[in-house]
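Below is one structure, written out as structure tokens, with a few remarks after it.
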Amino acid sequence: MANYKKPRFKDAAFKRFLSVVLGTLLLVSLLVVSLGTNATPGSSGLDEGLSESVVNIQSFREKLNLPKENDFSIRLEKQNRLPPRNIDLYPRLAKDHITIVLYVHNRPQYLRVVVNSLSKVVGISETLLIVSHDGYFEEMNKIVEGIKFCRLKQIFAPYSPHVFTDSFPGVSSKDCQEKDDAGKKHCVGNPDQYGNHRSPNIVSLKHHWWWMMNTVWDGLKETRGHDGHILFIEEDHFIYPNEYRNLQLLVSLKPNKCPDCYAANLAPCDVNLRGEGRNSLVAERMGNVGYAFNRTVWRKIHGKAKEFCFFDDYNWDITMWATVYPSFGSPVYTLRGPRTSAVHFGKCGLHQGQGKTNACIDNESVNVQVDDTDKVANIRPEWDVKVYQNQPGYKAGFKGWGGWGDNRDHRLCLNFAQMYH
């Protein structure tokens, strides 16, 4: 009997041991899945109203001292979390697609031209178009909602001065105006280097660009896991039909043809030029018309948030040329083709917007010549690279045009750099 009971005892002990092991493994598996779900960039918590995760994000933003949101800005935040449009028409994006970001203000006549030109781009249906609005303007929104030629996502800057009509970042009754003396007037604000106080319509240009960059690269679930190139264009950039195919070629050629190039550009840095027309690629200073770079470059830019946010110039591009790029320690080159694939047009600045009596485009049209060679890819892999050095333009040492002296704008800008980290 003793010989019989002993094995049964071992049997029972083994079963208990096995159940404990299995239970432990199950618990560990559930914990791993839970952690993985919380850390996955594609989690759906941001897509369903003000969920617990969104409340946590808002709590974190309050710690950053971001302006207290009003009902309008909260609604825009919710809009930003909606999934892209036209997924039913374009259920799959191309594996090597290059996301296009179009940032706009309030020039509907311009936007119609740009949207029409984008609709004719070869390969546009393969990618995602993100339209970033500086505030909310009904006519602009209707134009964008009518886009059916590709997958589309809209985002709206919730901290735009155009969203805050009676408080910062907009204008409050206590704000200093023009060249007011804050001490004598008992008003709020810090003047720029020329003695001028902030103008919300002016500073919104730089704020929108910086908010958009941080949101696209680090905030949106559609792009925050994307390491490849993203193309950025404005509402006054006419896009040629071969833009997308040329850009794909430039991105693929850049590592070998110009390993020191930070970006690819659709147009010359001098917006008045249309290219040289010769059989050669071009490496030159980075331009502001149709530029594309990857996450590695974004990380370098993001690491210079302090330089960007404290430089006294309301223009994002001049800020980049005069302080951010020089801080990289080496020339910032971009690669482009010998013929432009995008053109800057129009006669209104971004800060002017579209009034009821003034038109940004004569006869609601633009006269951009598109030749047959502009309708197909016209870049050749066998071409050499012509490097332009010591080009004219804004450089280190330029002190800025001002308009960006208020400490509140500096803090808001720095907070944009931290709101997703």
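Backbone amide hydrogens, once placed in the peptide plane, bring D313 within less than 5 Å of G402, W404, excluding anything fewer than 5 places away on its chain.
What nm value, rounded to one decimal, do you get for the distance between K399 and D96 when each label is placed 7 Å out toward the C-beta? Spacing of the two 7 Å Cα→Cβ label points: 4.9 nm. Projected onto their three principal axes, the Cα atoms of the stretch 109-205 cover extents of 59, 24, 21 Å, largest first. With Rh defined as the Kirkwood radius, the inverse of the mean 1/r over Cα pairs, the Rg/Rh of the stretch 136-286 is 1.06.
The residues of the stretch 187-251 present an accessible area of 24 Å² per residue when probed at 1.4 Å with all protein chains retained. The amide H of L335, built 1.01 Å from its N in the peptide plane, has A263, A264, N265 as neighbours under 5 Å, considering only residues 5 or more places off or on other chains. Which pairs break 29 Å Cα to Cα here: K78/K120; K148/K221; K148/K257; K179/K399; K78/K399; K68/K174? Going by Cα-Cα distance, K78/K120; K148/K257; K78/K399 fall outside the 29 Å limit. For the pair L64 and F310 in one chain, pulling the backbone fully straight at 0.36 nm per residue adds 86.8 nm over the alpha carbon distance. Carbon-plus-sulfur accessible fraction, the stretch 58-153 (probe radius 1.4 Å, protein heavy atoms only): 50%.
Database remark: amide H of R151 closer than 5 angstrom to the amide H of T127, L129 (H placed geometrically; neighbours at sequence offset of 5 or more, or on other chains; Pro and chain starts carry no H).
Taking label points 7 Å from Cα along the Cα-to-Cβ direction, Q177 and S119 give a separation of 4.4 nm.
In order along the stretch 84-94, the phi-based Karplus estimate (6.51 cos²θ - 1.76 cosθ + 1.60, θ = phi - 60°) of 3J(HN,Hα) comes to x, 7, 6, 5, 5, 7, 10, x, 10, 8, 4 Hz; Gly and Pro are listed as x. Per-residue Karplus couplings for the stretch 284-291, computed as 6.51 cos²θ - 1.76 cosθ + 1.60 with θ equal to phi - 60°, are listed in order as 8, 5, 5, x, 10, 10, x, 10 Hz, Gly and Pro entered as x.
Using the empirical formula 2.2 N^0.38 Å as the baseline, the Cα radius of gyration of the stretch 90-141 reaches a ratio of 1.25.
Here the Karplus curve 6.51 cos²θ - 1.76 cosθ + 1.60, taken at θ = phi - 60°, turns the phi angles of the stretch 151-160 into couplings of 5, 9, 10, 10, 10, 10, 5, x, 10, 5 Hz, with x standing for Gly and Pro. Inter-label distance, N256 to V271: 3.5 nm, where each label sits 7 Å from its Cα along the C-beta direction.
The values are calculated or read from the model by the stated rules, or taken from the named source; none is laboratory data. For clarity, every value in this text was computed on a predicted model and none was experimentally measured. Counting neighbours? That spans all protein chains shown, and the Cβs are built from the backbone with ideal geometry, glycine included. These area figures cover heavy atoms from the full protein model, side chains too; ligands, DNA and RNA do not enter into them. Shrake-Rupley method; radii C 1.70, N 1.55, O 1.52, S 1.80 Å.
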